[in-house]
Amino acid sequence: MKKMWMTLMAGAMCIGAILGNGESAEAAKASFNDVPASHWAKASIEDAVAKGYFKGYADGTFRPQAHITRAEFAVLLSRISSNAVENDSSTFADIVGHWGRSGIEQSIGMGFLTPSDYSGGFKPDEALTRREMAKWMASGLAARNEGFKQALSDTKDTLVPVAEYYKGGLNPSDYPYLSVVLGTGLMTGYLDGTFGPSQPTTRAEVAVILSRYQQVQLKEASDYQDLEEMREVGLTGTNLLSATPHEYPKILGTTEIADFTRFSNKSYPMLYNSGTMTVHRMIVTDAKSSTQHNNLYARMFIDSDFSISVRGDMYNVFLEATVVPNNNTSLSNAAFASATVYNFTTGRGFESGTIKKFGLTVLPRDDNYLTSGFFKEKVPRKFWMHKFLNREWKASSNGGSMGRYGTLTTFSIPRPE
């Protein structure tokens with residue numbers, strides 16, 4: 001009991017230090033001369049100050065662009081989290097005597113920080129990176145809630161909708177943590193499609209994120225549609241069930257479900273001995289228009305330069321596949337669509353500003369097929385292509401299938417009763 005009282009007192013004392021030498025109680029007000037009314041984070045900054053998480057500086061500034069350190073963010077998390085402190089011991093020799101020691105140790109005990117991640121020392125005064133921020137918050141949610149813990153497991157092999165996924169800059173170990181923070185809206189990517197995992201983070205950004213975290217920690221992982229989609233993609237290669245009303249039927253005469261995993265990541269011969277195809281992922285995007293997106297994956301494929309219509313009665317679906325042509329003549333680009341055979345693998349190329357932004361490789365559009373030289377003999381070519389999928393039950397075009405006559409996977413919206 002005495003130890004807990006001392007820990008709480010130490011946390012209350014060090015929170016004033018967060019936030020920089022030279023701060024005063026008089027400066028802890030909700031108006032700062034460097035946070036104008038038009039500042040994007042003004043409301044969150046004022047809320048964080050009112051709750052005592054931040055203070056201003058003696059000169060009347062908040063310094064919204066100043067970087068947050070590891071120690072500062074650890075202390076802030078220990079203050080806003082309702083996680084139980086399972087273990088508040090620390091293995092960091094370099095925080096002894098540091099003003100943030102108590103909060104850092106609490107953050108370890110609450111599950112935010114893993115000491116083994118910092119085997120060379122915590123270095124408490126180093127600027128916190130966005131990668132660290134994502135991991136700490138996702139780990140804290142997982143320590144509190146089994147649903148978030150399972151979400152981290154489910155997204156180990158998911159498609160993360162940020163530019164670094166294809167362009168480089170992410171490690172596979174980053175995928176689960178980014179999935180949780182993106183899927184819950186705790187963090188977002190930048191306008192250029194990047195996440196900026198190695199970038200530092202600012203006081204203004206942290207003020208906004210603290211407000212979000214307080215809400216997210218009270219909810220379940222299943223409350224977040226985007227996270228549910230990324231979980232399904234991680235487990236099965238598609239977000240079909242979480243993003244649409246489509247269902248997989250049972251294979252006739254069996255209890256086996258004809259789901260996407262029966263087809264995905266398996267090599268199948270194309271017609272005319274032209275080559276082989278392997279479909280890896282099928283991503284359903286939901287958009288009202290080319291610039292109004294209803295799910296996170298839409299931003300990865302659709303923007304104002306998208307060359308295919310965004311229709312109210314159809315989903316835009318994107319398939320990631322690898323094709324290996326047998327020779328240069330049997331699979332020309334022009335012959336590709338007729339050679340794939342399987343209903344939902346006869347995709348087409350598309351254009352979009354997101355192709356360059358996210359580093360996507362895309363099947364050329366029809367008018368480029370004959371001149372692009374996209375397919376080459378015995379050379380695997382991995383790319384994305386486009387299909388439409390119905391939003392409501394239709395007698396004429398309801399769902400899709402892969403495999404001859406839908407023997408491998410098939411999906412459709414159940415007929416209304």
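The values are calculated or read from the model by the stated rules, or taken from the named source; none is laboratory data. All values reported here derive from a predicted model rather than from experimental measurement. Here Cβ is always computed from backbone atoms with ideal geometry, including for glycine, and neighbour counts include all displayed protein chains. Side chains included, ligands, DNA and RNA excluded: accessible areas come from the protein's heavy atoms. Shrake-Rupley method; radii C 1.70, N 1.55, O 1.52, S 1.80 Å.
Tabulated results
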{"read-out": "Test for Ser289: is it assigned to a loop (DSSP other than H, G, I, E, B), modelled with pLDDT of 95 or more, surrounded by fewer than 20 Cβ atoms within 10 Å (Cβ to Cβ) and among the polar types (S, T, N, Q)", "value": "yes"}
{"read-out": "Residue match in the stretch 200-211 (condition: at pLDDT 95 or above and closer than 30 Å to Val279 by Cβ)", "value": "no"}
{"read-out": "Qualifying residue in the stretch 243-262 (condition: touching a His at 6+ places or on another chain (Cβ under 8 Å) and within 26 Å of Ser338 (Cβ to Cβ))", "value": "no"}
{"read-out": "Residue identified as surrounded by 13 or more Cβ atoms within 10 Å (Cβ to Cβ) and not assigned by the TED database to the domain that holds Asn343 among Tyr268, Tyr248, Tyr224", "value": "Tyr224"}
{"read-out": "From the options Arg299, Arg281, residue that is closer than 17 Å to Phe344 by Cβ and charged (D, E, K, R)", "value": "Arg281"}
{"read-out": "Selected residue (only one of Glu232, Glu228 is under 11 Å from the mean Cα position of the chain (by Cα) and closer than 26 Å to Met402 by Cα)", "value": "Glu228"}
{"read-out": "Candidates Ala127, Ala163, Ala138 - the one that is small (Gly, Ala, Ser), open to solvent by less than 10 Å² (accessible area, probe 1.4 Å) and touching a Pro at 6+ places or on another chain (Cβ under 9 Å)", "value": "Ala138"}
{"read-out": "Of the criteria (1) surrounded by fewer than 22 Cβ atoms within 10 Å (Cβ to Cβ); (2) in the same structural domain as Thr155 (by the TED database), which one Val180 fails", "value": "(1)"}
{"read-out": "Scope the stretch 238-266; condition more than 24 Å from Thr276 (Cβ to Cβ) and small (Gly, Ala, Ser); matching residues", "value": "Ser242, Ala243, Gly253"}
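Residues are listed down the side, and each one gets a yes or a no for (1) of a type in the set (A, V, I, L, M); (2) in contact (Cβ under 8 Å) with a residue 24 or more places away in the chain; (3) in a loop (DSSP other than H, G, I, E, B); (4) open to solvent by 20 Å² or more (accessible area, probe 1.4 Å):
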site	(1), (2), (3), (4)
Gly56	no, yes, yes, no
Leu76	yes, yes, no, no
Arg79	no, yes, no, yes
Ala84	yes, yes, yes, yes
Asn87	no, no, yes, yes
Thr91	no, yes, yes, yes
Gly97	no, no, yes, yes
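Results for (1) modelled with pLDDT of 80 or more; (2) in contact with a strand residue (DSSP E or B) (Cβ under 6 Å, 6 or more places away or on another chain), shown as yes or no for each residue.
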| residue | (1), (2) |
| --- | --- |
| Thr329 | no, no |
| Ala339 | no, no |
| Thr354 | yes, no |
| Asn368 | no, no |
| Glu377 | yes, yes |
| Trp384 | yes, yes |
| Lys387 | yes, yes |
